1. As I understand it, the value is the acute angle between the Cα axis of helix 141-152 and the longest principal axis of the Cα atoms of the chain; what does it come to in degrees, rounded to 10?
2. For segment 74-163, treating each Cα as an identical point scatterer without solvent, what Debye log10 I(q)/I(0) comes out at q = 0.11, 0.15 1/Å?
3. Using R₀ = 45 Å, calculate the FRET efficiency as 1/(1 + (r/R₀)^6) where r is the Cβ-Cβ separation of residue 378 and residue 177; round to 0.05.
4. Suppose we keep just the DSSP beta bridges with both residues in segment 66-357; what percent of those would be antiparallel, to 5?
5. In degrees between 0 and 90, to the nearest 10, how far off the longest principal axis of the chain does helix 339-348 point, with axes built from Cα atoms?
6. Would you compute, from DSSP H runs of 4+ residues alone, the mean residue ellipticity of the chain at 222 nm, taking -39500 (n - 2.57) per run and dividing by the full residue count, rounded to the nearest 500?
7. Extending each Cα 7 Å along its Cβ direction at residue 144 and residue 184, get the distance between those two points in nm, one decimal.
8. Return one number: the angle in degrees, 0 to 90 and rounded to the nearest 10, between the long axis of the Cα atoms of helix 91-101 and the longest principal axis of the Cα atoms of the chain.
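Every number here is computed from the coordinates shown, using simple stated rules; none is lab data. Everything numeric in this text was worked out from a predicted model, so none of it was measured. All Cβ positions, glycine included, derive from the backbone under ideal geometry; neighbour counts span all protein chains shown.
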Amino acid sequence: MTSSPTTVTVLRDVRPWGGERSDLHVADGVIIAVVPHDAAASAAGETDGEVDGEVDGRGLLALPGLVNAHAHVDKSWWGKPWVSYGGEPGVQARIAHERAHRDELGIPGVDVTLAVLRESVRTGTTAVRTHVDVDLGVGLRGIEVVREAVAALGGAVHAEIVAFPQDGVLRRPGVLELLDRAAAAGAEHVGGLDPASIDRDPVGQLDGLFEIAERRGVGIDVHLHDGGELGAFQIELMVDRTLRAGLQGRVNVAHGFAVGQLSAARQADLVAAMGEAGITMTTVAPIGAAPLPLLALRDAGVPVGLGTDGIRDLWSPYGTGDLLALTTQLARLSGLRHDQELVTAARVASADAARFVGREVHDLVVGAPADVVLVDAENVPDAVVRAPRRALVVGGGRGGAPPPPGGGCR
């Protein structure tokens, strides 16, 4: 019996990471070959399998699909009529405002979640780690909504879920049990929120989260807005627990504003401890906050992911889902100017973020998921500083039509 030939889609004449013109061969949603582009061979249709389709990349710059390492896709009102912001300053006040008004907007809902995911894919995001609210009001319904929306896109976007206790863990009896149920049902991570300032019990909250993580074999992703020494103290608690539990590489600090606020010596010691414990960080490149020491974190072996946070939700009307534009913001806020530094920013938003979405590799190499973004840029630094219009987005081997001129994708 002979096996049927491999059906191959070829993305011809692209420049991976701005390098030599190449052809990417894709089968079953995976890159199976990266070969030098040969115009003559392309005209003859030469390939290792049965060509099912071809795309002319026209020599455009190719980047891996962008990875949104910190999102809240269950919260957005994208696609609905404009919602005027009515919240008050502060985390506690915004939580209360969201709880009071989310039902009016059908949040969480498949339609709004699908709308924001589609917009994200349109601008180049092909993988996402999304925090999904788990609380006494919605239970685990938000997780079901997100999974349904992701499935509706047919593999164009890959998602990992953090069961997120937006309203606190210990201060709401029953939430810890909900997080455990979410982990048992397949959520890849359990989340936490300001153990000191929200629950007023950093030891108790972290002990509860680490117990679930150890027992269920899931990761931990903690929102930490607390600044200065209070925030640093909580990171030290996470370092200690991570080492004792053997969870290196499975614990993430989201935001972690404190790291950017410490003195140089204190910061260096804390960053080194995080690197030793295999703790990762995610940032949303917020304007007005002390930027994370991106290059120092990299040098200490602390992987950093970039995310959008909320996109047009009850916390803020801002956000477009355009992660490449956010990469521009990250680079500017971090003071990155040299070419290799700008390439580092692009890698933070793509290839180097593989671990944040449960992948061994996320790059333009053989064996990687066929997630590709084409842009009309001279090189990677040019793409980072301009965030040009996406000419084509391919997610899981599925190509999407480019946005119309002036359609909001720069």
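1. Between helix and principal axis, roughly 0 degrees.
2. Result of the Debye calculation: -0.32, -0.59.
3. 0.25
4. Beta bridges within segment 66-357, antiparallel portion: roughly 5 percent.
5. 70
6. Roughly -10000 deg cm²/dmol at 222 nm, from the helical runs in the chain.
7. If labels sit at residue 144 and residue 184, their model points lie 1.7 nm apart.
8. With rounding to tens, the tilt is 70 degrees.
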